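Right, one structure below, let's go through it.
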Amino acid sequence: MSHVAADGIVRDEDSFTPSTNPRNPNTPLKSVGFEPLATRRKVSNHVATVLIWACLILALIPLIWVLATVLIKGAPAIASLAWWNNGDLGYAPGDKGVGHAIVGTLLQVAMCTLVSVPIGLAIGIYLVEYGQGKALGRVTTFMVDILSGVPSIVAALFIYTVWVSILGFDRSGFAVTLALILLMIPVIVRNTEEMLKVVPQDLREAAYALGVPKWKTIMKIVLPTAASGIASGIMLAIARVMGESAPVIILVGSTRAFNYDLFHGPQSSLTLYMYDAFRVTPNYADSATLWGSALTLVILIAILNILARVIAKAIAPKNV
């Protein structure tokens, strides 16, 4: 029902909401029932905020504690250039370093990356682009899931059984590389899968509509679009295997000298050097060598994480 107001405007009474009490025009209307609801929402919001901040602080405390301890106790050891350049054999006590361990770590991880990246990328591409709904794809996914949960010591024992006990090869840095490959491939496969699934299906269909073959669509469109995330995942996978200790303890002998040969002789690494320092140091908590090695490993992993971000940003698709 409509009525004409004093100002000449026609208003619908059904949609008209008075701002004052019709029984007493001098008394404004009050909203009923919303104040308690608003109060409860404010309280629940404050409680949730406090809980989130508390969880964040609890998560940061051990991380900051570990990093601060490693930095404080390891910084004096790595301050000299000799720490990075020299080995542990044939040098004066004040000139000894972990150069031989750094070389061993980089060689083992580089060989592992050289083998794992092509295999991991190929498996990931197959699972997303070709293996959907196929029996081989399901079996491959199942095996990747199993390998993803295998502890490093199990991979090391498997390689020792096959490579050393059955095939008769000596323990070496290459045996460590084989164990690291088993640990690295599942990480790359999973990361590649996730990054390829993010690529819009419309890009693939547009290429197919233009007559572009599937393999060329993958190489020219899908992979470049996902390259940023794939590269970042590869760098993080490298950082993950770099800190593994079980393979180097089981599969290669320790040495205090430089060894650039992955296939012959003992070869040190940072994790193995830390293990040796732990065994021979009566009070490991005060060992500058042990904490210096730990800080060196943390620095290398931090550099890899920074490189992952830089590379991901550099090769990310522009204007997308």
Members of segment 186-198 that are under 16 Å from the mean Cα position of the chain (by Cα) and surrounded by fewer than 23 Cβ atoms within 10 Å (Cβ to Cβ): Pro186, Val187, Arg190, Asn191, Glu193, Glu194, Met195
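Does segment 91-113 include one or more residues that are over 23 Å from Met274 (Cβ atoms) and assigned to a helix (DSSP H, G or I)? Give the steps one after another, and end with the answer.
Kept after step one, since they are over 23 Å from Met274 (Cβ atoms), are these residues of segment 91-113: none.
No, there is no match, as no residue in segment 91-113 is over 23 Å from Met274 (Cβ atoms) and assigned to a helix (DSSP H, G or I).
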Check on Arg240, surrounded by fewer than 23 Cβ atoms within 10 Å (Cβ to Cβ), within 28 Å of the chain's Cα centre (by Cα), part of a helix (DSSP H, G or I) and at pLDDT below 90: yes
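Anything in segment 261-308 that is under 16 Å from Trp84 (Cα atoms) and assigned to a loop (DSSP other than H, G, I, E, B)? List them, or say none. Break it down stepwise before answering.
Quick first cut of segment 261-308, residues under 16 Å from Trp84 (Cα atoms) only: 268-271, 273-274, 288-301, 303.
Those that are under 16 Å from Trp84 (Cα atoms) and assigned to a loop (DSSP other than H, G, I, E, B): Ser268, Ser269.
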Selection status of Lys134, over 29 Å from the mean Cα position of the chain (by Cα) and within 30 Å of Lys216 (Cβ to Cβ): yes
Scope segment 123-168; condition assigned to a loop (DSSP other than H, G, I, E, B) and surrounded by 14 or more Cβ atoms within 10 Å (Cβ to Cβ); matching residues: Gly131
Residue in segment 203-225 that is surrounded by the most Cβ atoms within 10 Å (Cβ to Cβ), counting only those that are within 29 Å of the chain's Cα centre (by Cα) and among the charged types (D, E, K, R): Arg204
Flag if Leu180 is under 30 Å from Ile250 (Cβ atoms), touching a helix residue (DSSP H, G or I) at 6+ places or on another chain (Cβ under 9 Å), assigned to a helix (DSSP H, G or I) and touching a residue at least 60 places away in the same chain (Cβ under 8 Å): yes
Subset of segment 69-89 [under 14 Å from Ala101 (Cβ atoms) and assigned to a loop (DSSP other than H, G, I, E, B)]: Asn86, Gly87, Asp88, Leu89
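The values are calculated or read from the model by the stated rules, or taken from the named source; none is laboratory data. Everything quoted here is computed from the prediction, not taken from an experiment. We place every Cβ from the backbone using ideal geometry, glycine too, and count neighbours over all the protein chains shown.
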